[in-house]
Amino acid sequence: MAYEDLVEDDNVDIVYVSTPHSHHYPNVKLCLESGKNVLCEKAFTVNAAQAKELVQLAREKNLFLMEALWTRYFPLSVYVREAITSGRVGTIMRAYADNSLDLNPEENFSKKHRMVNPDLAGGVLLDMGIYSLTWIFQTLYTTQPLEVRKAPRVTSSVRKYGPTGVDEAATILLTFPRDTQSGGDLHGIATTSFRVASDISNNGASGPAVRIQGSEGELQVWPPIYRPTRTRLILADGTIEDKTWPQPGPGQGSNWYNGYLDSAFAEGEGYGMFWEADEAAMALLEGRKEGQYEGLDESIIIMNVMDEVRRQNDLSYPESIEATDKNRQD
Ligand SMILES: NC(=O)C1=CN([C@@H]2O[C@H](COP(=O)(O)OP(=O)(O)OC[C@H]3O[C@@H](n4cnc5c(N)ncnc54)[C@H](OP(=O)(O)O)[C@@H]3O)[C@@H](O)[C@H]2O)C=CC1
Ligand SMILES: O=C1OC[C@@H](O)[C@H](O)[C@H]1O
């Protein structure tokens, strides 16, 4: 079925867009213009200008639009955010987050593969770095009262991938302004790489890949941070709270293949998208127009951060996929 036919179908309430990043903007736009609600995979768009235009369109048409950042909707993430907002770790001050998978890009990806192809907005930042930024944002930004949240300042370094010129590693320092009475500025360090691993052992031996530090304690999350299953809360009074968070699915050893890379990377579990899909369905039933754990304004701010990282490191995609219809007309 052609996408044009799909969006004309009266039986369709909502469309899940899961094409390569380069195609999110035109695909989402087609859906919204045809009156369809949309759940759109990460990274939301190629740049913030595209995200802003889609958000404006969704709001004008009173349609639901949400970035499908599945991690935000896991019970594990709800627990971590609540441990922060309830004050269990004291005044939150700093977070580190790493999402690195030693993917050996030369071996695993042809130059045309969406992970490394600039024409499809390939590169580590939009595909994997988005998860490191998600952890920094959902702990240091989303946990602050809405009215005091401020976009971060950004300093970054990027290493490029020789064969195609996209980014293969990024290190981002984020400073979130916060008033002195509430604890002052917060620092976040987000890292991502195709060439080293958050957990080289693949069994947790490398330790946590997210650390969230407050005045009274620390929260830790074990990799992979896009779909974590293990947390530890350590408090200054000696408390240690270990938890595991099973993901629904056929289970390790089932030989179930998640469709990503070769069988060496089969994950054996993967129904975790249930939670974000459920959120989208609940929003439609309740008449909400955004996801409750990452609003559209926050998705735009995160796209702004990635734009800034690319600007600082002289990284751009072809104009044909950076453009918006608005800036094409100007
Ligand atoms: N949340 C998660 O865990 C994951 C999220 N993702 C995200 O999902 C999205 C898709 O990733 P993935 O499934 O790996 O992508 P694929 O490369 O497998 O493409 C998905 C679909 O997009 C369409 N497509 C692919 N290439 C092109 C192209 N050059 N031009 C037009 N359409 C194309 C095809 O749809 P058709 O058959 O209809 O033509 C294809 O089946 C990305 O945003 C990615 O970041 C990916 C993996 C895991
Ligand atoms: O979104 C994703 O999460 C799972 C990873 O394996 C993959 O790189 C990425 O696209």
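The values are calculated or read from the model by the stated rules, or taken from the named source; none is laboratory data. Since we're looking at a predicted model, the values are computed, not measured. Here Cβ is always computed from backbone atoms with ideal geometry, including for glycine, and neighbour counts include all displayed protein chains. Surface areas here come from the heavy atoms of the whole protein model, side chains and all, with no ligands, DNA or RNA. Shrake-Rupley method; radii C 1.70, N 1.55, O 1.52, S 1.80 Å.
Overview of results
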read-out: Extreme residue, farthest from I14 (Cα to Cα), among residues of the stretch 251-290 that are open to solvent by 60 Å² or more (accessible area, probe 1.4 Å), modelled with pLDDT under 95 and away from ligand 2 (no atom under 16 Å from the Cβ); value: G253
read-out: Within the stretch 12-91, helices (runs of 4 or more DSSP H) holding 2 or more residues that are closer than 23 Å to P248 by Cα and within 16 Å of ligand 1 (Cβ to nearest atom); value: 75-85
read-out: All positions within the stretch 49-65 that are under 14 Å from R288 (Cα atoms) and open to solvent by 50 Å² or more (accessible area, probe 1.4 Å); value: R59, K61, N62
read-out: Residue that is most open to solvent (accessible area, probe 1.4 Å) [pool: residues in the stretch 188-233 that are under 19 Å from T143 (Cα atoms) and of a type in the set (V, I, T)]; value: I189
read-out: Those residues of the stretch 72-107 which are touching a helix residue (DSSP H, G or I) at 6+ places or on another chain (Cβ under 9 Å) and among the polar types (S, T, N, Q), in sequence order; value: S77, T91, N99, S100
read-out: Residue within the stretch 89-102 that is hydroxyl-bearing (S, T, Y), surrounded by fewer than 17 Cβ atoms within 10 Å (Cβ to Cβ) and in the same structural domain as G162 (by TED's automatic domain parsing) present; value: yes
read-out: Residue tally, condition open to solvent by 10 Å² or more (accessible area, probe 1.4 Å) and either part of a strand (DSSP E or B) or in contact (Cβ under 8 Å) with a residue 60 or more places away in the chain (or both), over the stretch 128-148; value: 4
read-out: From S86, S22, S77, S34, residue being under 17 Å from E298 (Cβ atoms) and not aromatic (F, W, Y); value: S77
